[in-house]
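Student: Starting off with a structure, shown below.
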Amino acid sequence: MIEGLLFVDQPEKLTELKKLWPTPRALGFDTEFQRERTYLAELALVQISDGTDTVLLDPTRVELKGVFEWLDLTDHTYIFHSPSQDLEILEQCYGWIPKSFVDTQVASM
């Protein structure tokens, strides 16, 4: 892990993620995806940050289903900005939508 940054591109690095945030907290959450030449979006990157540490998850190299199952068991509050596309692809790929989230776009209104 680089100071404050964990890049998860191998399954064994998932244990480091679980050690980072064992207790409930607010986590900023963002996804990057590709829709070129495809009907459904393809998830390319998941970014999660607590403001100090940032985790980049590579779904092309690591199966993330277990990550979302683990996140679902915690009481984290997720912070998104305009999350409609993020939530769409997370549900499409993993059947997961966070139990509790804040949309900063709505909050700013």
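Student: Among the residues that make up the range 22-42, is at least one of them open to solvent by 50 Å² or more (accessible area, probe 1.4 Å), assigned to a helix (DSSP H, G or I), of a type outside the set (Gly, Ala, Ser) and within 14 Å of residue 101 (Cα to Cα)?
Tutor: Within the range 22-42, none of the residues are open to solvent by 50 Å² or more (accessible area, probe 1.4 Å), assigned to a helix (DSSP H, G or I), of a type outside the set (Gly, Ala, Ser) and within 14 Å of residue 101 (Cα to Cα).
Student: Related question: What number of residues in the range 59-85 are in a helix (DSSP H, G or I), of a type in the set (Phe, Trp, Tyr) and farther than 25 Å from residue 10 by Cβ?
Tutor: So the first thing to find is which residues in the range 59-85 are in a helix (DSSP H, G or I), and the list is 65-73, 84-85.
Restricting the remaining residues to those that are of a type in the set (Phe, Trp, Tyr) gives 68, 70.
If we keep only those that are farther than 25 Å from residue 10 by Cβ as well, we get none.
Residues that pass the stated criteria total 0.
Student: Further, regarding this structure: Search the range 85-109 for residues that are open to solvent by 70 Å² or more (accessible area, probe 1.4 Å) and pair each with any residue that is hydroxyl-bearing (Ser, Thr, Tyr) when their beta-carbon atoms are under 7 Å apart and the residues are at least 6 apart or on different chains.
Tutor: These pairs meet every condition: 101/77; 101/78; 105/82.
Student: Only residues that are surrounded by fewer than 16 Cβ atoms within 10 Å (Cβ to Cβ), assigned to a strand (DSSP E or B) and over 10 Å from the mean Cα position of the chain (by Cα): list them for the range 43-58, please.
Tutor: Result: 44, single match.
The values are calculated or read from the model by the stated rules, or taken from the named source; none is laboratory data. Note that the structure is predicted; figures quoted are calculated from it, not measured. Ideal geometry is used to build each Cβ from the backbone, glycine not excepted, and the neighbour counts take in all protein chains shown. In case anyone asks, the SASA skips ligands and DNA or RNA and just uses the protein heavy atoms, side chains included. Shrake-Rupley method; radii C 1.70, N 1.55, O 1.52, S 1.80 Å.
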